[in-house]
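J.: Have a look at this one before I ask anything.
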Amino acid sequence: MQSLSGRSKVVVKKEMTLAERMYLPAILGGVMITLRHFFKRKTTIKYPEKKREFSAIWRGHHVLKRDEKGAERCTACGLCAVSCPAEAITMTSGERKKGEEHLYREEKYAVTYEINMLRCIFCGLCEEACPKEAIFLTDRLVSTDYGRDGFIYGKDKLVEPVDKRIDVTKRQTPAVLEFKKHKEFSHNK
Amino acid sequence: MQATQTQNTDIKLVEKPEGYEGAGFFATSLDKVVGMARKNSIWPLPFATSCCGIEFMATMGAHYDLARFGSERLSFSPRQADLLMVMGTIAKKMGPVLRQVYEQMAEPRWVLSVGACACSGGIFDTYSVLQGIDRIIPVDVYVPGCPPRPEQIIDGIMKIQHLVETESLRRRDSPEYKAMLNKYGIE
Amino acid sequence: MSTFLIYKLALVLAVFGITLLVAMYSTYLERKVAAFMQDRVGPDRAGPFGILQPLADGVKMFMKEEIIPNVSNKFLFIVGPCIAMITAIMAGVVIPWGNTITIGGETYTLQIADINIGILYVFGVVSIGVYGIMIGGWASNNKYSLLGAIRASAQMISYELAMGLSIIALIMLTGTLSLREIALMQGGGVGSDWNMWNVVYQPVGFLMFIICAFAECNRMPFDLPESETELVGGYHTEYSSMKLGFYLFAEYINMFTSSALMATLYFGGFNFPFQNDLGLDPNLVTILGTVAFFLKIGFFIFFFMWVRWTLPRFRYDQLMNLGWKILIPLAIANVAITGLVKILVK
Amino acid sequence: MDSTIQEKIISIIKEKFEGDILSIETPYNFLTINLKQDNIIEIIRYLYNHPEAKFQYLTTVCGIHYPDVKQIAIMYQLHSLTNNWRVRLKIYLPEENPVVPTLTTVFAGANWMERETYDFFGVKFTGHPDLRRILNVEDMIIHPLRKEYPLEDQTREDKKDFMFGR
Amino acid sequence: MASTDILNTPSDVEKGYSTLNLGPTHPATHGIFQNVLTMDGEVIVKSEPTIGYIHRAFEKLAERRPFYQITPITDRMNYCSSPINNIGWHMTVEKLIGADIPKRVQYLRVIIMELARISDHLICNTVIGVDTGALTGFVYLFQFRELIYEIYEEICGARLTTNIGRIGGFERDFSPKAWAKIDKFLKEYPDALKEFEKLVMRNRIFMDRTIGAGPISAERALSYSFSGPNLRAAGVDYDVRVMNPYSSYEDFDFIVPVGTNGDTYDRFMVRQEEMWQSLSIIRQAIEKLPEGPHHAEVPEFYLPPKQEVYNNMEALIYHFKIVMGETDVPKGEVYHCVEGGNGELGFYLISDGGRTPFRLHLRRPCFIYYQAYPEMIQGTNISDAILTMSSMNVIAGELDA
């Protein structure tokens, strides 16, 4: 058949030279390579003791962020649930009552917020969909477990503790970080 | 040393005198030794069907090296395997095959369900995909992720090791275990 | 007479124990060697450096459920691995582990039985070993097993021929079939009496022997009977627990035996260079010789593994080609040339 | 693909099979010819053997279900490697009993593509050497890619339908 | 490993044929296909493949998901090189909406796609080694696949199922760390690849095993609609990157390696050479990389920047519309193909203007060429059959959709 691309090149050479026919030179070359590796430094990272570095934007365990004052950012708009291709997120929303302003940032909040970690595919679409800076994926791993019931993560496992904040600034673009410094925007108050 | 010890105790176990039964008293040291041994010699059967299988390759590779846990000897024959690692989507067409493989395995056997698809069907909530392998076989440890990082797979194996180590030798003969299998319609 | 008996019994037990121990730790070594060649670290969590790994494997296999498939021939299914194991161990009887030791005026030979047809004995016993594989593979009533068994027997037959022929040249040189005598002939080495190791006189023969040894032990690149990616597990597909352990163990014991055989036949056995020039006590020399012997064996075992983790596997017909069309003619030519040279030198 | 080439391909087809052409479209500059179903195999064979066109590569075959008009379309996409021309041929079959002759007589590769189409849409390809389901289980009774069948697995327990608007 | 006797017709038994069930969980089937082989000794007389063991209904699923949610589904098609699938899908949608993609994005995409091609071919070629029993080469090269994973991780945050890029470009620009990792890869990989070649390529055992195993002639390959490396191994230099350049492939200079008679060795060598070519393409792309934005101006599909969303009502509305999948999509049919790891990966998309595709047909190269497998292995023995399968690089996810 004629050449279609005009830049093809046959790359296969099937005839063997005498040396190749005799098996031994190639075998010797092979064993020398493996021997060299025998004495090389090993690449293994002994996992539970040593941990491999994750990228700052690794998509792992979700977190529901609180704002600076400790109020939950989530307003239960449901965009994350809509954007989830695995349909792993469910939530019910509620009206914030008087006196709960320190708990919830907006007038509406998520009464329950559940992510089915067995369904979740960690695609990061929920993080992108969130307009309130509330849900982020982090570089933590979701732990394995014995039964399947424990894998529906509710707010207890998702919302970051007040005293142990989870840093997600590395995931945010420089423009967002710059924007966050300006207190005149309502979002940052 | 350990080996001979176990052999001896093994014989004793067969001729165990009446009245010395009961989990706590007699079998504990044997349980411990056997548990330790089994724990470090889990031969997995990689039931790798899709993406997670590639991550399993990474787990076997140089960076993570499953061999450190004594598990690099893959047994593709279910008779020889201790751990069934189900990695990837199990379609309804595959279900009976998976179950047959499980049935062919020799006791004691454990099942590790790796990845969202095997655990629950994951993103594939479709007519052709089994929504979680625990509908047809009992699962011991679930590893979430799609696919899980090798770290998570190793975590799963360590969880399995913990199970293996603490399991009583008699568990597999117990009525509870049989009832559990019966629930799945096995045997 | 009774001391003799006790001595022999002790020796038998020692050899038996050492064989098992070496085989056990060969599995550990194999995993470590494989890991190191692949830039990994290998088992390191069972005991320090994973040193208890083989024990763990052993105990686990003992405690694993025995499955005898319904459709199998139950008697033969059990007999198979037993034959493989027994014959593997039996071959060690004629290996000269060391020279003589003199204690209290009595001389003890570090060899269980010095049969004057030692080589033939080894060949005979080893070729029974394949029956273990064949029987086991057939009795499983599984097609993969059967294919493995057929491959194993065909492979054994073809390579035994080449192996035998490669040794004939050696026997022509030495004029004896006794392994002990062959070992003794290579005594001295570099030093006072210039008795070179046989490998110098028979390099081609040695090469063929080692190739055939690979094939006889079903080691890569000749591991067709098991060839995991093709036949799942080959002849041992249906085996579980300790019967599988026997098969795997037999392979390592065979490796150990053939390493010992290679060391004896071609690499001076228990002799080491300058052994007679150091002016040491003969008993000490014997002990050192035994140590040297084990070092040689260790090297060959390492070599077995080294090659395994480097080379791809042959195909069935290529394996036969190599055996019948290359090795056997080469072996015959080797015999002829050796004979010619011998006549000319005379 | 510029329009002169498209016209050329059209004229090649019109030479012999003018009566079979229902309509011609070029969505996104990709020549799409809607045809009557009767002579589809002859047309493809003609294009295959045509000395100039040489559409000798079958890119893909697929079905499309149009529930509104109760039709199932079969799309054949051909590629002429030597000219680098592509063309899409579509025929429309009734939803109830879609039958069409097989293309395996021209392209060996059409075998599984047609089996897949049968599996998904229930289109019967007459003369096909082995028309069985290919991806789904043999005893399935529906043809799942038709629009009336649901996507979801009905036995799942960890999702509640009301939450996802179903 | 139960063996079935379903195909043993009486005449087969008379001839002394036996049946062997290869799969679905056979170690060499890498995923799951079943082949019931009728064997004369070790020689295969005929074989009957069964597939569909991980049929996941991609095409139906795509009809129920908004356009941007289909990217994670494409990930799981050919999971050895998911970025190619992702980007192929993005380009299909961009074609549909008529987006104009900046040069920088195109070049970045080329870099990612070529990295993915390397990782795909790397798996395939080393797995040929594994199936011949040489595991070591696999472990050597897999370390470099880990490097590629690290690059992905820096760019998108995942290793294997990347969900990389968005409709209109990338979700974020490459970080300096990602560039450093790409440089590291480009520096270290050639040596390792050379070493791997030394280990197997001219080793007679390997050559004997692969030369003549599972050949297919150019005519048959075309009749079976082969594409990609497998077609090129048969001697036809059809490469989508050259014939229908997308994403600025016309700017790069590379050769299309071809083989002679389409056997396993040819396939191996073609993939091997393609890896070298991919490396050269990546280098060229980095050299020529223009400055510019990392995404196109498609406000209907590409999410507005987050600080706008937080602050600006209009952006927030757009954001909502995009996430809800309620932006206007033109009606139409579009076919777009890219050169995937295994060949022409085509997306045939019909949009009726709705939130989801009306129909998405995926031209999956694996599915199409795997049907030639029985023909290719007829008359060879089981070892060759296994090598043929691994050298065809049949990816179950892509095969079964």
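J.: Of all residues in region D:72-94 being among the aliphatic types (A, V, I, L, M) and without any contact (Cβ under 8 Å) to a residue 40 or more places away in the chain, which is farthest from E:His361 (Cα to Cα)?
T.: D:Leu81
J.: Is it the case that some residue within region A:64-74 is within 30 Å of B:Leu112 (Cβ to Cβ) and touching a residue at least 60 places away in the same chain (Cβ under 8 Å)?
T.: yes
J.: Restricted to region E:304-339, and to residues that are within 12 Å of chain A (Cβ to nearest Cβ) and of a type in the set (D, E, K, R), which residue is surrounded by the most Cβ atoms within 10 Å (Cβ to Cβ)?
T.: Here the residue is E:Glu339.
J.: Further question on the same structure: Does region A:132-154 include one or more residues that are under 23 Å from E:Arg64 (Cβ atoms) and either over 19 Å from the mean Cα position of the chain (by Cα) or not β-branched (Val, Ile, Thr) (or both)?
T.: Within region A:132-154, none of the residues are under 23 Å from E:Arg64 (Cβ atoms) and either over 19 Å from the mean Cα position of the chain (by Cα) or not β-branched (Val, Ile, Thr) (or both).
J.: A further question follows. Name every residue in region E:216-248 that is among the acidic types (Asp, Glu) and either more than 10 Å from every other protein chain (Cβ to nearest Cβ) or over 22 Å from E:Ile84 (Cβ atoms) (or both), in order of residue number.
T.: The one that is among the acidic types (Asp, Glu) and either more than 10 Å from every other protein chain (Cβ to nearest Cβ) or over 22 Å from E:Ile84 (Cβ atoms) (or both): E:Glu219.
J.: With the checklist (1) more than 21 Å from E:Leu22 (Cα to Cα); (2) touching a Leu at 6+ places or on another chain (Cβ under 6 Å) in hand, flag the one item B:Ala81 doesn't pass.
T.: With (1) more than 21 Å from E:Leu22 (Cα to Cα); (2) touching a Leu at 6+ places or on another chain (Cβ under 6 Å) applied to B:Ala81, the lone miss is (1).
J.: Let me ask something else about it. Which of the residues belonging to region E:155-177 are in contact (Cβ under 8 Å) with a residue 12 or more places away in the chain, over 26 Å from E:Phe67 (Cβ atoms) and either touching a Ser or Thr at 6+ places or on another chain (Cβ under 6 Å) or not in a loop (DSSP other than H, G, I, E, B) (or both)?
T.: Within region E:155-177, just E:Lys177 meets the criteria.
J.: Suppose we filter A:Glu87, A:Glu101 for residues that are within 14 Å of chain B (Cβ to nearest Cβ), of a type in the set (D, E, K, R) and either within 24 Å of E:Gln69 (Cα to Cα) or not in a strand (DSSP E or B) (or both); which single one remains? Full working, then the answer.
T.: Details: A:Glu101 fails: within 14 Å of chain B (Cβ to nearest Cβ).
Step by step, each of A:Glu87, A:Glu101 is checked, and only A:Glu87 is within 14 Å of chain B (Cβ to nearest Cβ), of a type in the set (D, E, K, R) and either within 24 Å of E:Gln69 (Cα to Cα) or not in a strand (DSSP E or B) (or both).
J.: Which condition does E:Glu63 not pass, out of (1) without any contact (Cβ under 8 Å) to a residue 40 or more places away in the chain; (2) in contact with a Phe, Trp or Tyr (Cβ under 9 Å, 6 or more places away or on another chain), if it passes all the others?
T.: The failed condition is (1).
J.: Which one of these does C:Phe62 not meet: (1) more than 7 Å from every other protein chain (Cβ to nearest Cβ); (2) assigned to a helix (DSSP H, G or I)?
T.: (1)
J.: Within region C:268-291, is there a residue that is touching a residue at least 40 places away in the same chain (Cβ under 8 Å), on the phi < 0 side of the Ramachandran plot, in contact with a helix residue (DSSP H, G or I) (Cβ under 8 Å, 6 or more places away or on another chain) and in a helix (DSSP H, G or I)?
T.: Taking every residue of region C:268-291 in turn, none turns out to be touching a residue at least 40 places away in the same chain (Cβ under 8 Å), on the phi < 0 side of the Ramachandran plot, in contact with a helix residue (DSSP H, G or I) (Cβ under 8 Å, 6 or more places away or on another chain) and in a helix (DSSP H, G or I).
J.: Check whether at least one residue in region C:162-170 is under 30 Å from C:Asp277 (Cβ atoms), in a helix (DSSP H, G or I) and touching a helix residue (DSSP H, G or I) at 6+ places or on another chain (Cβ under 6 Å), and report yes or no. Talk me through it step by step, then tell me what you get.
T.: Just the residues of region C:162-170 that are under 30 Å from C:Asp277 (Cβ atoms), to begin with: C:170.
Then keep just the ones that are in a helix (DSSP H, G or I); that gives C:170.
Next, from what is left, pick out any that are touching a helix residue (DSSP H, G or I) at 6+ places or on another chain (Cβ under 6 Å): C:170.
Within region C:162-170 (the criterion being under 30 Å from C:Asp277 (Cβ atoms), in a helix (DSSP H, G or I) and touching a helix residue (DSSP H, G or I) at 6+ places or on another chain (Cβ under 6 Å)), the answer is yes, since at least one residue qualifies.
J.: Can you confirm whether D:Phe30 is touching a residue at least 24 places away in the same chain (Cβ under 8 Å), facing chain E (nearest Cβ under 10 Å) and over 12 Å from the mean Cα position of the chain (by Cα)? Break it down into steps so the answer makes sense when it comes.
T.: Values: touching a residue at least 24 places away in the same chain (Cβ under 8 Å): yes; facing chain E (nearest Cβ under 10 Å): yes; over 12 Å from the mean Cα position of the chain (by Cα): yes.
The answer is yes for D:Phe30.
J.: Please count how many residues of region A:46-84 are at the interface with chain E (Cβ under 10 Å from one of its Cβ atoms) and assigned to a loop (DSSP other than H, G, I, E, B).
T.: Of the residues in region A:46-84, 12 are at the interface with chain E (Cβ under 10 Å from one of its Cβ atoms) and assigned to a loop (DSSP other than H, G, I, E, B).
J.: Here's something else I'd like to know. Filter region E:368-391 down to the residues that are of a type in the set (Asp, Glu) and buried (at least 24 other Cβ atoms within 10 Å of the Cβ) and list them by number.
T.: E:Asp384
J.: Can you pull out the residues in region A:158-188 that are out of contact with any helix residue (DSSP H, G or I) (no Cβ under 9 Å at 6 or more places or on another chain), part of a helix (DSSP H, G or I) and either under 30 Å from B:Leu112 (Cβ atoms) or among the β-branched types (Val, Ile, Thr) (or both)?
T.: Within region A:158-188, A:Leu158 is the sole residue that qualifies.
J.: Tell me, which residue of region E:180-214 that is within 11 Å of chain A (Cβ to nearest Cβ) and in a loop (DSSP other than H, G, I, E, B) is surrounded by the most Cβ atoms within 10 Å (Cβ to Cβ)?
T.: Step by step, filter region E:180-214, then rank; the result is E:Asn203.
J.: Answer yes or no: is there a residue in region C:301-320 that is modelled with pLDDT of 85 or more, more than 13 Å from chain E (Cβ to nearest Cβ), out of contact with any Gly (no Cβ under 9 Å at 6 or more places or on another chain) and over 23 Å from C:Glu160 (Cβ atoms).
T.: Yes, there is a match, as at least one residue in region C:301-320 is modelled with pLDDT of 85 or more, more than 13 Å from chain E (Cβ to nearest Cβ), out of contact with any Gly (no Cβ under 9 Å at 6 or more places or on another chain) and over 23 Å from C:Glu160 (Cβ atoms).
J.: Based on this model, can you work out whether C:Ala56 counts as closer than 22 Å to C:Pro81 by Cβ, among the small types (Gly, Ala, Ser), out of contact with any Cys (no Cβ under 8 Å at 6 or more places or on another chain) and buried (at least 21 other Cβ atoms within 10 Å of the Cβ)?
T.: Criteria met by C:Ala56.
J.: I've got another one for you. Could you give me the residue pairs with C-beta distances under 6 Å whose first residue belongs to region A:5-21 and is more than 7 Å from every other protein chain (Cβ to nearest Cβ) and touching a residue at least 12 places away in the same chain (Cβ under 8 Å), whose second residue is outside any loop (DSSP other than H, G, I, E, B) and loosely packed, with under 12 Cβ neighbours inside 10 Å wherever it lies, and which are 6+ apart or on separate chains?
T.: none
J.: Checking E:Pro357 against (1) closer than 23 Å to E:Lys60 by Cα; (2) over 26 Å from the mean Cα position of the chain (by Cα), which single condition isn't satisfied?
T.: Failing condition for E:Pro357: (2).
J.: Can I ask one more? Return the only residue of D:Thr32, D:Thr26 being modelled with pLDDT of 85 or more, of a type in the set (S, T, N, Q) and crowded, with 16+ Cβ neighbours inside 10 Å.
T.: Values: D:Thr26 fails: crowded, with 16+ Cβ neighbours inside 10 Å.
After ruling out the rest, the residue left standing is D:Thr32.
Condition check ((1) modelled with pLDDT of 85 or more; (2) aromatic (Phe, Trp, Tyr); (3) under 30 Å from A:His102 (Cα atoms)) across all residues:
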position: A:Met1; (1), (2), (3): no, no, no
position: A:Tyr23; (1), (2), (3): no, yes, no
position: A:Phe39; (1), (2), (3): yes, yes, no
position: A:Lys51; (1), (2), (3): yes, no, no
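J.: I'm checking my understanding of the structure. Among residues of region E:38-95 that are acidic (Asp, Glu) and within 13 Å of chain D (Cβ to nearest Cβ), which one is nearest to the chain's Cα centre (by Cα)?
T.: The selected residue is E:Glu59.
J.: Still on this structure, please answer the following. Where in region B:99-185 are there helices (runs of 4 or more DSSP H), lying fully within it, with 2 or more residues that are away from chain A (no Cβ under 14 Å)?
T.: Details: elements: B:115-120, B:150-166, B:175-183.
Those helices (runs of 4 or more DSSP H) span B:175-183.
J.: Then there is this: Is it the case, given these coordinates, that C:Phe49 is more than 21 Å from C:Phe294 (Cβ to Cβ) and not in a loop (DSSP other than H, G, I, E, B)?
T.: no
J.: Among the residues of region A:104-113, are any away from chain B (no Cβ under 14 Å), in contact (Cβ under 8 Å) with a residue 12 or more places away in the chain, more than 30 Å from B:Ala118 (Cα to Cα) and polar (S, T, N, Q)?
T.: Scanning region A:104-113, I find no residue that is away from chain B (no Cβ under 14 Å), in contact (Cβ under 8 Å) with a residue 12 or more places away in the chain, more than 30 Å from B:Ala118 (Cα to Cα) and polar (S, T, N, Q), so the answer is no.
The values are calculated or read from the model by the stated rules, or taken from the named source; none is laboratory data. Being a predicted model, the structure only gives us computed values, none of them experimental. Backbone-built Cβ (ideal geometry, glycine too); neighbour counts: all protein chains shown.
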